[in-house]
Amino acid sequence: MKASEPRAPSRLRCESIENPLGLDEPHPRLSWWVNDSRRGARSTAYQIVADNGWDTGKRDGGENAGIEYRGPALKSRERVVWKVRTWDAAGKASPWSAPAWWEMGLLRREEWQAEWIGSALVGGPRRQAPAPLLRREFCLDRPVARARLYATALGLYEFRINGRPVSREVFRPGWTDYTRRIPYQVYDVTRLLRRGGNALAAVLGDGWYCGYVAWFPRQNYGDRPKLLARVEIDLTDGSAMRVVSDGSWKWSAGPIVESDILMGERCDARRELPGWDRPGFRDRAWPTARVFAPPSAALVAQSSPPVRPIEELRPIAVRATRSAKRWIFDLGQNMVGRARLRMRGAPGRTVRLRFGEMLQANGELYTENLRTARSTDHYTFRSDRVETWEPKFTFHGFRYVELDGHRGRPPRGTVTGVVLHSDTPPTGTFRCSDPLLNRLQNNIRWGQKGNFLEVPTDCPQRNERLGWMGDAQVFVRTAAFNMDVAAFFAKWQQDIADAQTADGKFPKFAPVVVAKNEEGGPAWADAGVICPWTMYLCYGDRRILERHYASMARFVAWMKRNSLGGIRAAEDFQGFHGYGDWLAIDAPNRHDSPTPKALIGTAYFARCADLMARIARVLGKRRDARNYARLAKRIKAAFNREFVTPAGRVVGNTQTGNLLALGFDLLPSGRRKAALKHLLHKLGQSRWHLSTGFVGTPFLAPVLTRFGRADAAWRVVKQETYPGWLYTVKQGATTMWERWNSWTKEHGFGPVEMNSFNHYAYGAIGEWLYGTVGGIAPDPAGPGYARLLVHPRPGGGVVWAEASLDTVRGRVESAWKIGGGRFVLSLRIPPGAVAEVVFPSRDPRRTRESGRRISARRGIRRARTSGGMFACEIGAGAYRFETPWRRGEESGG
């Protein structure tokens, strides 16, 4: 193909997923990447053709994402195969893309014609029960053309056909408020069935449904796990067969004696029933399955990425404990998942696996921070041969695995770490010349992997693991750089909406635990507005705004009713005042906040009102937009009356208070300079160390940079002494810690009641690493990276940096380096996107692009200089800017 012609579109997606199986969305959204590497390339039209007769024809416009299906009404089970082509600016059509598809699930509840089944095994509020096995056999006398399994559970399930699992997915069907909605999965099981006898089998685990959740007793949603399943088989002669879960199935206890997400799993291999999941097994003694009344919750197709085993870690060391009776395996990385055991035992012999993130000074496993989470697995051998075992229905947060019961020194291969998390594909990369910053970025990424498991949890190890909303909203922008979280957050936003109270309150965490739905408080509840806006900003997801607009509006209305003169969480307010600047350095204890809670509450009230004005404008709700803009203006006026002196001093004079006032644009222009001065003075008093907690930390570097003090931001970020990001890195951290003092040289471990070593909130600095160091940031004027900002600010002794991001439009790449008296910036912009580029240039006359003078004829528009900075606007393509550089320029704003 000629270089002057567009290539076929690639990376076709439906609802942000490649070839999704089992949708219930009546108007799925399609997207693709335009393949055209020419400078200034853009798509001017597209055509989609589907095998069900839908044909858009040539549709003018440069859109390549969020294209709604508008063909014939979709039916249950229908598979739609589609392809797309595009036209470039010269009117040339690309070749057709390779075909992609999506397949619908069961759109009406009555189509299931199956019953909820389970066993007589039931635990109690503090007692676990064995994991039940369920099975049924049937016969096929003709070859199979097509077969689908539709399945879900209250609890967790692993489904098997003829001895083989139907998928590598784990913890299905996932976590929701099971009183509101229950997700189901669809699997293509054509290759698992055969002529003759066939066996359907499932193992059920307690999971979130009836196991421990956080510090609450068991059985929050129900008393025991239950299964709902339907297998549809189309035979080659055109006939069909259906097998459903009903009273004809049988059940038995199996080898999993206990299973709990928090407590761990106990397996007695002597209780294994070889062949139980294959045809021909003798199950005459098994009781018939118990049939249960169907729940009232809606059955919905799975919409979020499944949890899968993503990678495996081998131990880097094995050491004996002081007693030499136990062995500790060091995986070299704090991770989330489970341990696979491979060793030789003896019949009836039991080994114990305990998990921890850190070691004590004496080399023993540190588990005090787990609180009541036992986080312990047990395995009892059935033979004296080498056996391999991996739990099914639990996960742990750990770097170290303690093995008790092995005789003699075990080989490293005895334990393997299996990393589990929601399958959110990596999208961003960042590297620079500073190895500590690279380690920090890696820690942020591992923190996200470990806590993005079904929902964005706060921590993965102790008796908590909840979808805390404050943590998620401060980190969401960084999350969208690291991985594709569009579908992940769309599902979680529904969890938030399900948790909303009738009067409009959003909760502290979502999904809620039954009967524990409480108002989340400032910076936590506000995630219900901030996160969907961020999804729109990063992915152009307009639908998430449309679907949750009413929910967000009810929340802002609740804040308005419960504020006093525009002040949220005022002293006279009778409700929850919030967590304040959680775990700030200068807080007397974790429940106190040096920054007034009413200040934080009012700042976030203004922020939500401002975002609602923007959201209303996006959705064409002009009257609402005006009303929300007026509300935001009134709240900002109240904020200034209550919390700001005429001289621009913010009440409390904390780093966080000044950061919120500046970051949320709460101050009139005349007071901003004073607030920045006070902020810099506070930083200087702390010798350029932060004192911020969960609320203030995400704003620290971005606000300093935005207001022209990137040098100060670099100074704070680069601190290697306590407290700071790089201090934890130098102490050997491999994930983000919950507290700045989770561990220090002087005092050892921090307060044990709240001390996670895998807590992503402080990883929000990743947004600054991508945007300020790497030079890639979204532009609100063009959501979904239709427009982007490329404004790298060298500093901190860093002499090169590179970042990339897979956006819905294509890959963005930014790389800069300093050397030989030159600053070189290399960029790649995807088709249809426009980038605003800004970089330091003391001598713009000598600034070149690909060795030539800056020229609009080369696709460089609006070139200008101001204050020692060169700025321009570019379209798609590859660019290489070069300008003279003098030492010391990197400290500019």
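The values are calculated or read from the model by the stated rules, or taken from the named source; none is laboratory data. These numbers come from a predicted model, not from an experiment. Please note: Cβ atoms are built from the backbone with ideal geometry, for glycine as well, and neighbour counts cover all protein chains shown. Accessible surface areas use protein heavy atoms only, side chains included; no ligands, DNA or RNA. Shrake-Rupley method; radii C 1.70, N 1.55, O 1.52, S 1.80 Å.
Note that region 420-430 has calculated 3J(HN,Hα) couplings of 10, 6, 4, 7, 9, x, x, 10, x, 9, 8 Hz, one per residue in order, obtained from phi through the Karplus relation 6.51 cos²θ - 1.76 cosθ + 1.60 (θ = phi - 60°); glycine and proline are x. Shape of region 648-791 from its Cα gyration tensor (a ≥ b ≥ c, root eigenvalues): rounded if a/c is under 1.5, otherwise prolate when a/b > b/c, or oblate? Oblate, since a/c reaches 1.5 and b/c is not below a/b.
Model label sites at ARG314 and ARG126, defined 7 Å from Cα along the beta-carbon direction, differ in position by 4.5 nm. With the cut-off at 1.5 for a/c, could you classify region 248-294 from its C-alpha gyration tensor as rounded, prolate or oblate? Oblate is the answer for region 248-294, as a/c is 1.5 or above yet b/c matches or exceeds a/b.
Search the structure for amide H atoms under 5 Å from the amide H of THR595, placed 1.01 Å from N in the peptide plane, and list their residues when 5 or more places away or on another chain. Those qualifying (amide H under 5 Å, at least 5 residues apart or on another chain) are ASP581.
The share of accessible area on region 150-273 that comes from carbon and sulfur is 44 percent, using a 1.4 angstrom probe. A Förster radius of 35 Å combined with the Cβ-Cβ distance from ASP55 to GLU546 puts the calculated FRET efficiency at roughly 0.85. At a probe radius of 1.4 angstrom, the accessible area of the chain per residue rounds to 37 square angstrom. Surface composition of region 1-92: carbon plus sulfur atoms contribute 45% of the solvent-accessible area (1.4 Å probe, protein chains only, all chains present). The slack between ALA647 and LEU564, meaning 0.36 nm per residue of separation minus the straight C-alpha distance, is 27.4 nm. If you roll a 1.4 angstrom probe over the protein chains with everything in place, what fraction of the accessible area of region 479-599 belongs to carbon and sulfur, to the nearest %? With neighbouring chains kept in place, the figure for region 479-599 is 51 percent. Of TRP286, GLY91, LEU611, which is farthest on the positive side of the dipole of the chain, counting Cα position, with +1 on Lys and Arg Cβ, -1 on Asp and Glu Cβ, and the Cα centre as origin? Sorting the options by dipole projection puts first GLY91.
Taking 0.36 nm per residue of separation and subtracting the Cα-Cα distance, full extension of the segment from ALA73 to ARG853 would add 275.3 nm. If you work out semi-axes √(5λ) of the Cα gyration tensor in Å from the coordinates, which of (i) 46, 35, 28; (ii) 68, 38, 25; (iii) 59, 38, 33 do you get? The value computed from this structure is option (i). Of the trypsin sites (Lys or Arg not before Pro) found in region 741-834, those that fall in a DSSP loop while having at most 10 other beta-carbon atoms within 10 Å are LYS745. The modelled label-to-label distance between CYS139 and VAL291, using points 7 Å beyond Cα along the C-beta direction, is 2.4 nm. Using the Cβ-Cβ distance between TRP96 and SER37 with R0 set to 22 Å, the FRET efficiency works out to roughly 0.70.
Each part gets one Cα centre, and for region 471-537 versus region 254-273 those centres are 34 Å apart.
When only alpha carbons are used to place a centre, region 650-670 and region 217-253 end up 57 Å from one another.
Checking the Cα-Cα distances for LYS250/LYS392; LYS226/LYS491; LYS505/LYS673; LYS718/LYS817; LYS491/LYS636; LYS633/LYS673 against a 25 Å cut-off, the pairs over it are LYS505/LYS673; LYS491/LYS636. Which shape class applies to region 272-342: rounded if a/c is under 1.5, otherwise prolate when a/b exceeds b/c and oblate if not, where a ≥ b ≥ c are the square roots of the Cα gyration tensor eigenvalues? Judged from the Cα gyration tensor, region 272-342 comes out oblate (a/c at least 1.5, b/c at or above a/b).
Bridgeable lysines around LYS75 (alpha carbons under 19 Å apart, same-chain partners fewer than 8 residues away excluded) are absent. Rounded to the nearest 20 debye, the dipole size of the chain about its Cα centre is 2000 debye, using +1 on the Cβ of Lys and Arg and -1 on the Cβ of Asp and Glu.
Each label point was placed 7 Å from the Cα along the Cα-to-Cβ direction; for ARG630 and ARG352 their separation is 6.7 nm. Region 103-174 to region 304-382: how many Å between their Cα centroids? Here the answer is 30 Å between Cα centres.
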